[in-house]
Every structure is written in C-alpha cells, then in structure tokens.
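Shown next, in structure tokens, is the structure this report addresses.
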Amino acid sequence: MTLAIEMQNLHKRFGDLHAVQGVSLTVQAGEILSLLGPNGAGKSTIISMLSGLLQPTEGDALVMGHSIRREPEAAKACLGVVPQDIALYPDLSARENLLFWGKMYGLRGAALKKRVDEVLEIIGLVDRQKGRVDKFSGGMKRRVNIAAALLHKPQVVIMDEPTVGIDPQSRRHILDNVKELNRQGMTVLYTTHYMEEAAELSDHIAIMDHGRVIAYGTHDELIRLVGEQTRIDLTLNVDAGRVLTAWQQVEGVSRASAQDGLVTVLVDDSNRVLPRLFEAATAAGARITGVDIREPNLEAVFLHLTGRALRD
Amino acid sequence: MKLIDIALKDMLRSFRSLFAVGMMIVAPLLITGLIYFAFGGIRSEQPDIATIHVGLVNADVPSADVPSANVPFNLGQMLVDVFTDAGVADLMTARVYPDVATARAALERQEIDVAVLIPTGLSAAVLSGEPSPNTAVVILHDPALSLAPQVVGSMVTSLLDGVAGGRIAIQVIQERHAARGLALAPAQISTLIGQYQTWYTDFLHTLFYNPTEAALRLVAPGVDETAVPMSQILGATMAGQMIFFAFYTAAYSMTSILREQEEGTLARLFTTPTDRTIILGGKFLAVFLTVILQGAALMLFARLAFGIRWGRADSVLLALVAQVIAAAGLGVLLIALVKNSRQAGPVLGGGLTALGMLGGLFTVGIQGMPAFFDVAALFTPHGWVLKGWRLALAAQPPDALLLPFFIAVAMGAVMFVLGAVLFRRRFA
Ligand SMILES: Nc1ncnc2c1ncn2[C@@H]1O[C@H](COP(=O)(O)OP(=O)(O)OP(=O)(O)O)[C@@H](O)[C@H]1O
Ligand SMILES: [Mg+2]
C-alpha cells in the first residue's frame, strides 16, 4: 500500500506552548483517516503544517512522497485543503469563487469551467451558483468551502471540521460527499470532535489530546481498548458536578465524566456498581432521573484514556 | 498569469463595492461639483460669451486739440476698432449704428445684446483729463443678461484707462522736458502718440488674444486681474480632489490584504501551489491598476462635467504616472505598518487627510496661504503630485514637469519598496 501522507515526528511550538508534540501518523492512499480530539488538541496545527501554512518546529511530512519542507509547491499541488473557518470571498458569487480558486490551482479556460460545473453538481448548488456567498446559509457556505478544495481533483483532501455549526441536512450532504469522493479514490484526512462522524466515515481513527496521538486504530480496535467495561449514561435532577466526584470514588468505577447534564461512567460490572451509584447520589442529595446501559463508544474510549469528556 | 488573476479578482471586488466606487470616483467629482456650483456654473454662460452682439454708435469727433500736435486723436474710432478687431471675432459681433435711436431699436428687437454709445467730445475730454457726465461712454444692455455687459464694459474701461494712462505719461514727459527748459517739438509729440497707439492696440490684442479666458477672468467673483483664471482654479481643485482620493484608493485597495487575512482567504491562497511572492505581487498590481483606472475615469468625467482641460497629453501622462506611483507607494507602505483592517480606517481617514492638507490639496484655490504650507508641501508626495498637475493644467510641456515628476516617483518608489519588504517579512 502506498502512503498518501507520512508524518515524521512533527512538532510545533508557539513560544512556550507545545501544540504538536511528535506526531508520526500515516495515511494510506485511498483511505479516510480521522483525527478526533477535543478543542486545542492540535488537529488544525497539524493540518496547517501539512498544507504549508506553518513550518514545523521539528520533523517533516511527505504528501504523495513530496516533503512539505523541501518541495512545498509539489506537495500543495497534490492537496486540497478545506479550512476549518470558511475561507471564501463573501462579495463574490459561488461560481466566481470557484473559478478563482480553480485558477489558483492552475486550471484555465474550458477545463476550468467544466470542472466548476462538476463540483457545483457534487455539492448540490448548481441552482444557487450565481448567488453571492454572503447571502448563503451556513450549510451552503460550508459546501462551497469544500468545493473550492476539490477543483483540481487532488489525490488527497484534508478537511478540518467541515461540519461545524450546520444543520443536520447539510451535514448529511457533506458526509455523503466525503464518502462518495473516497469511493472514487480520493484519500481523505478528516478532523472532527464529533465521534459519530469519525465512527461513520473512517478506515482509521487517531485520537489526539494535548498535541499527541494517544490512540490509533480502526473503530473496533479503539473500542476494544475500553476492554470489558460497560458504559452507563445517567441523568440527574441536579447539576451533575454535585455527584461527579462522589461517583469517581465509588468502587468499581474506572472513569466518570459529565457534560450537558449527562454523566458517563465506565464500570467493570454494572449490576454490582449501579446500586452504589444510587446510594452515593442519595447521600449527595441528588436524584437519578434516567439510566442507560450502553455499548462503549469512542467517547468512552477517550474517557477511558484521559479521564475527560471528548467535548469539554 | 496567477498574478493577474489575483489582481483582477481584487479589482472586481473593489469596483463591485458601492463604498469603494463612492470613495474612488463619486466623492472627488461631487466635491469639485459643489465648488463648481458655488462659483455659479461658469460654463453655462459660455455660449453667451461666444455670441455677444455689440452695437456701436460713434458720435465722437477726432480731437486736434493735442498740445502742439497736428495728428488728430480719434478715441471713438479706437473703441470701435477694439470691438471689430479680428482677435475678438469669435467672442462677439459688432455693428455700427448711425445714431442712438436706431441702436436702441436694435437692442429692443434683440438684434444686439449691448449698445455702446460713444459721446461727442470723448477724445477731447479724455485728452484734457477733464471728463464730465456728458462725455461718458454709455453702455445699454438687455437687463436679462449679466455677463455680456460686464465683458463689454470691461473692454471699454480697459481702453479708456489705457488712454488716460498714456495721456498722463505724455504729460509727465512734457513736464520733465519743460523743467529742463526744453520743449517737445510737435512732430515728437505726434510720434509719441503714434507709438502709444500702436503699443496699446498690441496690448489689447494680447489681452484679448484668448477672449474666453479673458471673459472668464472678468466674471470670476472677487478675483482681481492678477488672479489665476477660474478655469484653472477649477482644474486645480479637481486635481486636488483627484490626488487625495487616489492616495485614499491606493491604501484602501491595499487593505484588501488585511481583509483577506481576516477572512481566511489569504491563508487559503497560501495552501494553493502559488508562490507567496506572486500572491503579494498580484495584490500590488491591483493597487496600481485601480489607481490608474480611477485617475483615467476621474479625468474623463471631470472633462465632461466641468470642461476641465488637463493639458498636453504628454504632460498629463507624466502627472498621472507620478500620481499613480506616489499613491501606490504610500498606500502599500501605510498598510504594511497597520495590523488589521480596523486600524486601517483611522489611518486612511486621519493620516491621508493630514498629509493631503499639508500637501495643499484642499487649499488649491486659495491665494496667499501662509508660507509654511508651501514648505510643508515639499515634504509630502501629495504636494509634488499637485505641482505636476498644476503645471500640466497650465499647458506646460513635459520638461517643465520633470522635477515634480521625478521627486513624486522617487518618493513613491522608496515607499513602495519599504512596504513590499515589510509585507514580504510578514507573509512570505
Ligand atoms: N498561531 C498560533 N499561535 C499560538 N498558539 C496557537 C496558534 N495556533 C494554535 N495555537 C494553539 O495551539 C493549540 C492547538 O490548536 P489547534 O487549533 O491545532 O487545535 P484543534 O485541535 O484544531 O482545536 P479545535 O477543535 O478547537 O479546532 C491551542 O492551544 C491553540 O491555542
Ligand atoms: Mg481546529
């Protein structure tokens, strides 16, 4: 198998902040690799280094065999980059934007026009192509933002959280686009902090935290890291923080975290531990209003590895 | 190629922005227009100037009463000659009527706009230096007209003043001679008068060589004879506005790089296989092209709207090139020193206005500014660009513009290089 991207001990420091600390991931040609991690994990910094926006403090990376340090232009020509924040000209139409970005990738004339038509078809905005981008909804902007990276049919597409802050319909459209592009042979490096997206799309997932890759594997391999543990989701009638520390002390609980009023607890044996959780809640003056015993997921994996929730 | 694509994209964005077009083209025209109308819309009377119909009634008789001279002095005929002179032919038509009654009738029928009535004894009265109400030249005119009577009146006054001046001159000469116990021979006096008449006719020729210009000079309110003609004031005012907004436009166009940085499109450009030097080059090219287009458009509109004659094509080209390079240079440098587009606003508004003031852009029509401003203007690119335009507007040949041209271009080039180096450090 050929390697589309090969990161070799990438480091990035911003002054005292060590944003990326020795990442050596590889992306196989034709696969989808997801970088999954909480805010500030270093996902965007890695992408900035791969796409030539930032110089690595240390290490190197090869994109289709081209070193980002020594042959940045060649590396960039193989890449399509979808930035995390929408990077389009708001006062130009969708079509004008795409024509311009196509030219920046060296496309011209009839070939450019044809390719813009194709890409508009892919993102489903043929009807709205003449509209100014600043008049578009968030989801439509996101789709144009992606389209601009596809014009030159790059071998590798890097997408940095392409579904942030949009409606479920647009999100569905984008995820289907990614799968379709991948089916046609495009390699995708995808970053997200939505575990469901990583689970649905990826051949491999790299979980990142504090600038390091803390786990790498297929979805199933990662889930197995949690071992025989069971995940219990509980809801409370009071603020989750009141019982969280108490529950973390309960025997048989390996990890507990709270977010959005939902407490996730990893336990060895739910039959044995559940009554103790009720006792501890009562002692803290809280009442449990809902209990769900579920299969472990990537959220549970992250909790298992770090003791924190993915979306803090 | 990508360089041009980037520049064209920037220009498309600029010219699509109402605000930008307003500041680039509408504002300078509007301001000059306000000044233009404040002075009463000079050109609307121009057709009037071109067709002044003058009627003349010459009742004067040549005066032989020149002290010791035998040449008759014929002031009435000189006045008639002034109006029938070929030099004023495209400004006015002149007809001589036999008496006042027929001239009045012609005025009532509107065959003529102005009637000039030359009284009997005018020559004698002027020569003696003792004019009376009976010997005054009377100008009758259609009350609806204001410009034509002024023009005619001024021509009459010029001649009479000139003759009176000549009389005094001859008197002084005679007195000097008399004081030394000499007397002028009659032949000498007649030669002197002959010479004076020749000189004075020439003088009037020169004065009315360009009748339109002379007429404009007469009607410019509050402007005395030595002042710059109104058409030139309007041209210089427009030049001042054009220069100010050219500098503004250059800096505004350059801020697009800051906006792109904030919009994330600059970073996206950097992820494409495009050399950063080319990206910067494209942005710089957009600045130059925008200022060139703006200058050309303003000159054209100003020509059409206000009839401003910018000067000889080669001189105009020099002035425009100086303006483009100076404006682009300062624009690039200013924005290189600014962190973000929010900071750019006050820098453009405040900094460029202050520099424009020092450069004299807003005081072009005002005479007798404190000398400090003349000196200050030498230190601003604006001042030198304005000097270039003033010379071009005065129909000077290109070599007259070389000094301001080279100084403005040198200032612009230095600032551009500095700015480009700063931008390269920052982005490339
Ligand atoms: N240009 C920069 N200068 C200084 N610090 C930076 C810079 N860019 C990123 N950082 C820091 O580096 C760390 C990693 O940031 P990064 O944007 O890579 O995280 P991320 O995983 O993409 O997060 P998110 O999910 O919020 O996008 C953060 O602490 C961030 O504040
Ligand atoms: Mg990010």
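Scanning segment A:81-98 for residues being more than 9 Å from chain B (Cβ to nearest Cβ) and not polar (S, T, N, Q) gives a total of 4. Can you work out which of the residues in segment A:48-73 that are more than 19 Å from B:Phe427 (Cβ to Cβ) and among the β-branched types (Val, Ile, Thr) is surrounded by the fewest Cβ atoms within 10 Å (Cβ to Cβ)? By that ranking, first place goes to A:Thr57. When restricted to residues that are assigned to a loop (DSSP other than H, G, I, E, B) and within 7 Å of chain A (Cβ to nearest Cβ), segment B:258-289 contains 4. Considering each residue of segment B:250-262 in turn, none proves to be out of contact with any helix residue (DSSP H, G or I) (no Cβ under 9 Å at 6 or more places or on another chain), modelled with pLDDT of 90 or more, assigned by TED's automatic domain parsing to the domain that holds B:Ala377 and of a type outside the set (Phe, Trp, Tyr). When segment A:163-200 is filtered for residues that are within 16 Å of ligand 1 (Cβ to nearest atom), surrounded by 20 or more Cβ atoms within 10 Å (Cβ to Cβ) and part of a helix (DSSP H, G or I), the ones remaining, listed by number, are A:Met195, A:Glu197, A:Ala198. State whether one or more residues within segment A:266-281 are closer than 30 Å to A:Leu33 by Cα, touching a residue at least 24 places away in the same chain (Cβ under 8 Å) and not acidic (Asp, Glu). Yes, segment A:266-281 has at least one match.
Among the residues of segment B:346-382, those that are modelled with pLDDT of 85 or more, within 30 Å of B:Arg426 (Cα to Cα) and surrounded by 12 or more Cβ atoms within 10 Å (Cβ to Cβ) comprise B:Gly351, B:Leu352, B:Thr353, B:Leu355, B:Gly356, B:Phe379, B:Thr380, B:Pro381, B:His382. Evaluate the following for A:Leu88: is it in contact (Cβ under 8 Å) with a residue 24 or more places away in the chain and touching a His at 6+ places or on another chain (Cβ under 7 Å)? For A:Leu88, the condition - in contact (Cβ under 8 Å) with a residue 24 or more places away in the chain and touching a His at 6+ places or on another chain (Cβ under 7 Å) - is not met. Of the helices (runs of 4 or more DSSP H) entirely within segment B:1-48, those holding at least 1 residues that are at pLDDT 85 or above and surrounded by 17 or more Cβ atoms within 10 Å (Cβ to Cβ) occupy B:2-16, B:27-38. For segment B:340-370, a residue qualifies if it is farther than 22 Å from B:Ala236 by Cα and touching a residue at least 24 places away in the same chain (Cβ under 8 Å), and the qualifying residues are B:Asn340, B:Ser341, B:Ala344, B:Val347, B:Leu348. Of all residues in segment B:316-329, those that are within 12 Å of B:Ile243 (Cα to Cα) have Cβ atoms under 9 Å from Cβ atoms of residues that are outside any helix (DSSP H, G or I) and not charged (D, E, K, R), 6 or more apart or on another chain, in B:Ala319/B:Trp310; B:Ala319/B:Gly311; B:Leu320/B:Trp310.
Scanning segment A:25-55 for residues that are more than 11 Å from ligand 1 (Cβ to nearest atom) and without any contact (Cβ under 8 Å) to a residue 60 or more places away in the chain, we see that the one that is farthest from the other protein chains (Cβ to nearest Cβ) is A:Thr26. Residues A:Asp160, A:Asp134: which one is within 16 Å of ligand 1 (Cβ to nearest atom), within 12 Å of chain B (Cβ to nearest Cβ) and in contact (Cβ under 8 Å) with a residue 24 or more places away in the chain? Answer to the selection: A:Asp160. Considering only residues that are of a type in the set (Gly, Ala, Ser) and crowded, with 22+ Cβ neighbours inside 10 Å, which ones fall in segment B:283-312? Within segment B:283-312, B:Ala286, B:Gly295, B:Ala302, B:Gly311 meet the criteria. Note on segment A:16-131: enclosed helices (runs of 4 or more DSSP H) holding 1 or more residues that are in contact with a strand residue (DSSP E or B) (Cβ under 6 Å, 6 or more places away or on another chain) are A:43-50, A:72-78.
Every test in (1) away from chain B (no Cβ under 13 Å); (2) assigned to a helix (DSSP H, G or I) is passed by A:Lys141 save one, and that test is (1).
Has segment A:210-227 got at least one residue that is loosely packed, with under 15 Cβ neighbours inside 10 Å, without any contact (Cβ under 8 Å) to a residue 24 or more places away in the chain, within 16 Å of ligand 1 (Cβ to nearest atom) and over 20 Å from A:Gly80 (Cα atoms)? There is no residue in segment A:210-227 that is loosely packed, with under 15 Cβ neighbours inside 10 Å, without any contact (Cβ under 8 Å) to a residue 24 or more places away in the chain, within 16 Å of ligand 1 (Cβ to nearest atom) and over 20 Å from A:Gly80 (Cα atoms). Scanning segment A:74-89 for residues being within 13 Å of A:His152 (Cα to Cα) and surrounded by fewer than 22 Cβ atoms within 10 Å (Cβ to Cβ) gives a total of 2. Highlighted here are the helices (runs of 4 or more DSSP H) found entirely within segment B:102-212 that include at least 1 residues which are surrounded by 17 or more Cβ atoms within 10 Å (Cβ to Cβ), among the charged types (D, E, K, R) and modelled with pLDDT under 80: B:147-179. A:Glu180 satisfies every condition listed in (1) under 21 Å from A:Arg294 (Cβ atoms); (2) more than 16 Å from ligand 2 (Cβ to nearest atom) except (1).
The values are calculated or read from the model by the stated rules, or taken from the named source; none is laboratory data. Values in this document were obtained by computation on a predicted structure and should not be read as measured data. Cβ sites come from the backbone with ideal geometry, for glycine too, and all protein chains shown count toward neighbours.
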